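All remarks here apply to the structure that follows.
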Amino acid sequence: MKRRSFVKKTFQWVAGLGLVTGLYSWQIEPFWMQFVYLKMPLKNLPDSLVGKTVMQISDVHIGNSFDYQYIIDSFKEAQELNPDFVVYTGDYVTYEDNEQLNQLQEVLKSVVKGALGTIGILGNHDYGIDFVEDDVAQKITKSLEDVGVTMLRNDAIEINGLNFLGMDDFWGSNFYPEKATAKYNPEKANITLCHNPDVCDLPVWNNFNGWILSGHTHGGQVKPPFLPALILPVKNKNYDAGIKDLKDGRTLYINSALGCLRQVRFNVRPEITVFELMKKV
């Protein structure tokens, strides 16, 4: 009887723990946004930009898979930080049909903008179903431009001595990264926006020296303690989340995403990243 009682209680404890973990992963962590604060040392940074901030927002995934009022609330919270630059690194929607374009319009009423500049690129989900719908990408681009986001599609823009390069998505139909890296200026401070970090391993960088801001992986969304993420949509499994020193003058940062494809997260909280600019010695 004692053994049966022990087994029964153990089963009840394990079942209860599983239930609590499941509820936490479904109802709490997907909405438990954190601001991640980091330093960003850059070569050739103008004195006037030292101490300024670059806010990265990635993978908001507006759609029907979770309550995107949370995204609106997060945007409003981010606005209170008064960032100098804001960069969006793709995947604005989880596209099913034109309803998501209307939902995006609603969210963009609260778009976070930088005092000095606001720049964006596209992600794979911004190309619609199976990532092949160019018209969806064009409509999303226009929606963002209409609210003051400068969209870079294999292009670059310099703002106050800071050169932003923006690549279109690796899996989309407009991936011509050399058009962006051709505008790399080694005499300026440089930041590249590139949704999919796997692009870092391609020979397209034109001796780029600077920071690369990516998203795409969501940090795996579910990461068992002390173990790697279970699912990562990249070839290079080292590209999960956080800072990666690429050992050649490039520093990669992979944002863990503000939104999610499915409403589940465990040990990978959603984030908005805030970088403080500083001179690289």
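We did not get these values from a lab; they are worked out from the coordinates using the rules stated. Everything quoted here is computed from the prediction, not taken from an experiment. We place every Cβ from the backbone using ideal geometry, glycine too, and count neighbours over all the protein chains shown.
Quick query: amide H of Asn44 versus all other amide H atoms, modeled in the peptide plane; which residues come in under 5 Å with a sequence gap of 5 or more or a different chain?
Lys280
Which trypsin sites (Lys or Arg not before Pro) does the stretch 26-82 hold that lie in a coil by DSSP with at most 16 other beta carbons within 10 Å?
Filter output for the stretch 26-82: Lys43.
Treat the stretch 74-219 as a sphere of radius equal to its Kirkwood radius over Cα pairs and apply Stokes-Einstein at 20 °C in a medium of 1.002 mPa s; give the translational diffusion coefficient in µm²/s, rounded to a whole number.
On the way: Rh = 15.5 Å.
For the chosen part, D equals 138 µm²/s.
Under the √(5λ) rule applied to the eigenvalues of the Cα gyration tensor, what semi-axes describe the equivalent ellipsoid of the stretch 77-120? Give them in Å, descending. Show your work: numbers first, answer last.
Numbers: eigenvalues 110, 25, 11 Å².
Equivalent ellipsoid of the stretch 77-120: 23, 11, 7 Å, largest first.
Determine the principal axes of the Cα atoms in the chain, then give the extent along each, sorted from largest to smallest and rounded to whole angstroms.
78, 45, 37
If the cut-off is 17 Å between C-alpha atoms, which lysines fall inside it for Lys52, apart from same-chain ones fewer than 8 positions away?
Cross-link targets: Lys39, Lys43, Lys113, Lys188, Lys279, Lys280.
Mind ranking 91-103, 183-195, 240-252, 207-219 by how tightly packed they are, going by the mean number of other C-beta atoms within 10 angstrom, highest first?
Going by the mean number of other Cβ atoms within 10 Å, highest first, we get 207-219, 183-195, 91-103, 240-252.
For a quick check, take a GNM of the chain with Cα springs below 10 Å and name the residue from Leu38, Leu202, Leu162 with the largest mean-square fluctuation.
For the chain, modelled as a Gaussian network with Cα springs under 10 Å, the answer is Leu202.
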